[in-house]
Structure formats: structure tokens, C-alpha cells
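S.K.: Dumping the structure here so I can ask a few things about it.
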Amino acid sequence: MAESPEESSPAGQTPASSRPEQGSTGGPLSVAEQIRQRLGELSPSERRVARTLLAGPPTIGLESSARLARVAGVSGPTVSRFIAELGFSSYAAFQRALHEEIAARMMTPAEIYRRHQETERSADVVGTSARTLGEAVMASVAGLDPDEFQRAVSLVADSGRQVLVTGGWFSQLLAAHLTSVLRELRPDVRLVGASASDRAGAIADIAKRDVVVAFDFRRYERDTLEIARAARAEGARILLVTDPWLSPVADIADAVLTAQVSGPAPFESLTPALAVVETLITSVVDALGEAGRARFERFGEIAERWVRPWPDGAGKVDRETAREVAADPPLHLT
């Protein structure tokens, strides 16, 4: 296998035969996702290359293969075997794919907006939106890695751990939604606000068994990374929800869930990530079982002091009707 970064194949984009395998819905997995999913299949020396790429600066993979081998402390042939394991035909093909991903990862909102304006679009906004969002949701949920997802569920469903949830400029909406639902299912769930005092207080309260759920999408936010690093330093576990290009928090996360961000508007959509969150919640409900149901009912009884149904007394009537039906279900004629 050629080792020179100058090696190239015919013009333009990386050929399909040189790209890594695709996800279950046909969308290509990012280089970082490929590496994370293959860690358990690699030899010890190949894992050193993988860890170097995941933990180092994004541009380390754009260095020569000899330079990457030196940084990882392995031989040149080990780097070649590692690249082949990822499904690339050459180191140059790997670099081209990585370069494209780094460019996408660093793209500014203004650049995304500009490209959106330059794209020819259908007059059927509703139909296009339904198709784009539907495909993005399907790709995000169906493409979840089973092992990563199960680790995420185990962390969030463990009632012996405090769960702190934090997000960024827009993804704080997802953090607030997850927090609101989890509070109804289990104790010790806390939303970390955007203020300096909220974040400082959260870091001060982090304990070894705690879990930090971080939402971080490009452009990735330094404050989110700092919270994750502080939590890791205290021995806490990290669950990251991010985009396909992976937030820097992925380097220290115990579980990573990715979601597409494509949508009909010139803004990155949170709809696919919300679908991932809802899927996570569904499995957490199953994992908590009877304890979760009891907590949910108790929480609802307390919440009705402040969240009153309309019309007056509707909640009480609904509960009584539900109990009567459960005790004496109606007959079904066949």
C-alpha cells in the first residue's frame, strides 16, 4: 500500500471504492465514527494509531504517514494496516476524506447560509421539507451504533448516578427537553444553565459516579468542552450527543450518539437530534421498568398542583375513568 500523502487518484472527490463503509441508511460514516466503531476489532498497535487520531488535533491525519506513525509510536506498516481496516484503498484516499470532513466541521453558519442561497431549490417547500427531515431522522435513528446506544441508556437509566445535562446556543433546547422528561422518570437530574454561575456550580457539585450529558454541534462551544473535561477530571462519565463530524468532547466521552443536521432551511436542524433523544428516552423507560412508572405517577400527582388541566377537574375525572376501565374493561364484540 502506498504511504505517500502525495499519492492521488483521478480527479476530484475520493472514489467510492476508497471510501469507508456506509451506514445502515446509505449515508457514509465519518472517519471518526469509523475509528470509534472499529476500536474493538483493532490490534493493540493499530489502536494506538486510532487513539492518536481521536485524541490529537484534527489535522494530525493530514501529516505524512511516517509522521503519524512516529506520533503514535508504531511502524509505518501498522499505519497502512490501520488505514486498510477502515476501508480506504490508500493513505492518500484516507487523507482526502479526512480533509473534506475537517472542512465541513469548520464551516461557519454564514458559509452554510451562503451555500443554501446558491442551491437551486424546489418550489414545493412542504414536500421538500418532509422528505429532507424524514430522511435525516431515519438516517440518525437507524444509524445509531447499538453498543454506543446501550452504553448511553445504561448511564442515563442508573438512578444511583446524578445526571447533569448541558447544551450550547441552540442545543440547550434539546438539553432542556431531555432534562424535563428524565425528571419525571428518575431522581437527581439537573439542567446546567448557560450562565457562568450555573456552570461553576455544576462543576463544583460533580461527583465520581455522576453522568454529564453534553449536546454539542458545530460550531462546537469551548464552554461545553470545559465542562466535560472538568467532569472527566472528577471521574464522572460523559455521554455526548453531536453531529456526524463529532464534537471535540468525543475524545473523552464514554458514549457518543450522532445525529444528522440536514434540513430545509439554511440552518442546521435539531429535528434528527430530537428523534435520537426520544429514542434514548424510550429505552430509558424500558430500563427503569416499574420504578420509572412509580416515579412518573408520583411526579404527575405533585405537578398537578401547578399545572392545572382545563376544564377544572378534568385530570381527576380522567384518572377515575382510567381506573374504572382497568378494573372492568369493556366487552369487545366479535
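S.K.: Looking at the range 127-155 only, could you name the residues that are modelled with pLDDT under 90 and β-branched (Val, Ile, Thr)?
M.R.: Those that are modelled with pLDDT under 90 and β-branched (Val, Ile, Thr): THR128, THR132.
S.K.: Okay, next question. Hey, PRO309 hits all of (1) modelled with pLDDT under 95; (2) under 30 Å from ASP216 (Cα atoms); (3) open to solvent by less than 70 Å² (accessible area, probe 1.4 Å) but one; which does it fall short on?
M.R.: (2) is the only condition that PRO309 fails.
S.K.: Report yes if ALA275 is farther than 30 Å from TRP245 by Cβ, modelled with pLDDT of 80 or more and open to solvent by less than 70 Å² (accessible area, probe 1.4 Å), otherwise no.
M.R.: no
S.K.: Could you grab me the full set of residues in the range 43-89 that are hydrophobic (A, V, I, L, M, F, W, C), over 18 Å from GLU101 (Cβ atoms) and crowded, with 19+ Cβ neighbours inside 10 Å?
M.R.: ALA69, ALA72, VAL74, VAL79, listed by residue number.
S.K.: Going through ARG298, ARG305, ARG293 one at a time, which residue ends up being without any contact (Cβ under 8 Å) to a residue 12 or more places away in the chain, part of a loop (DSSP other than H, G, I, E, B) and of a type outside the set (Val, Ile, Thr)?
M.R.: Selected residue: ARG305, the only one of ARG298, ARG305, ARG293 that is without any contact (Cβ under 8 Å) to a residue 12 or more places away in the chain, part of a loop (DSSP other than H, G, I, E, B) and of a type outside the set (Val, Ile, Thr).
Residues are listed down the side, and each one gets a yes or a no for (1) surrounded by fewer than 16 Cβ atoms within 10 Å (Cβ to Cβ); (2) of a type in the set (D, E, K, R); (3) over 18 Å from SER283 (Cα atoms); (4) out of contact with any Ser or Thr (no Cβ under 6 Å at 6 or more places or on another chain):
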site: VAL156; (1), (2), (3), (4): no, no, no, yes
site: VAL163; (1), (2), (3), (4): no, no, no, yes
site: PHE170; (1), (2), (3), (4): yes, no, yes, yes
site: LEU173; (1), (2), (3), (4): yes, no, yes, yes
site: ALA176; (1), (2), (3), (4): yes, no, yes, yes
site: VAL181; (1), (2), (3), (4): no, no, no, yes
site: GLU226; (1), (2), (3), (4): yes, yes, yes, yes
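S.K.: Further question: I'd like the residue in the range 141-152 that is touching a strand residue (DSSP E or B) at 6+ places or on another chain (Cβ under 7 Å) and in a helix (DSSP H, G or I) and, out of all such residues, is least open to solvent (accessible area, probe 1.4 Å). Full working, then the answer.
M.R.: Step one: list which residues in the range 141-152 are touching a strand residue (DSSP E or B) at 6+ places or on another chain (Cβ under 7 Å), which gives 144, 148-149, 151-152.
Adding the requirement that they be in a helix (DSSP H, G or I) leaves 148-149, 151-152.
On the way: GLU148: 17, PHE149: 31, ARG151: 102, ALA152: 0 Å².
Here the residue is ALA152.
S.K.: Separate question: Scan (1) touching a residue at least 24 places away in the same chain (Cβ under 8 Å); (2) among the acidic types (Asp, Glu); (3) open to solvent by 10 Å² or more (accessible area, probe 1.4 Å) for the single condition ASP216 breaks and write down its number.
M.R.: Single failed check for ASP216: (3).
S.K.: Residue check: is VAL249 touching a residue at least 12 places away in the same chain (Cβ under 8 Å), farther than 16 Å from THR224 by Cβ, surrounded by 21 or more Cβ atoms within 10 Å (Cβ to Cβ) and touching a Leu at 6+ places or on another chain (Cβ under 9 Å)? If you could, list the steps in order and put the result at the bottom.
M.R.: Numbers: touching a residue at least 12 places away in the same chain (Cβ under 8 Å): yes; farther than 16 Å from THR224 by Cβ: no; surrounded by 21 or more Cβ atoms within 10 Å (Cβ to Cβ): yes; touching a Leu at 6+ places or on another chain (Cβ under 9 Å): yes.
So VAL249 fails the test.
S.K.: Can you confirm whether GLU46 is within 27 Å of the chain's Cα centre (by Cα) and at pLDDT 75 or above?
M.R.: Answer is yes for this residue.
The values are calculated or read from the model by the stated rules, or taken from the named source; none is laboratory data. Keep in mind it's a predicted model, so treat the numbers as computed, not measured. Note: ideal-geometry Cβ built from the backbone for every residue, glycine included; neighbour counts use all protein chains shown. Accessible surface is based on the protein model in full, side chains and every heavy atom, while ligands, DNA and RNA are left aside. Shrake-Rupley method; radii C 1.70, N 1.55, O 1.52, S 1.80 Å.
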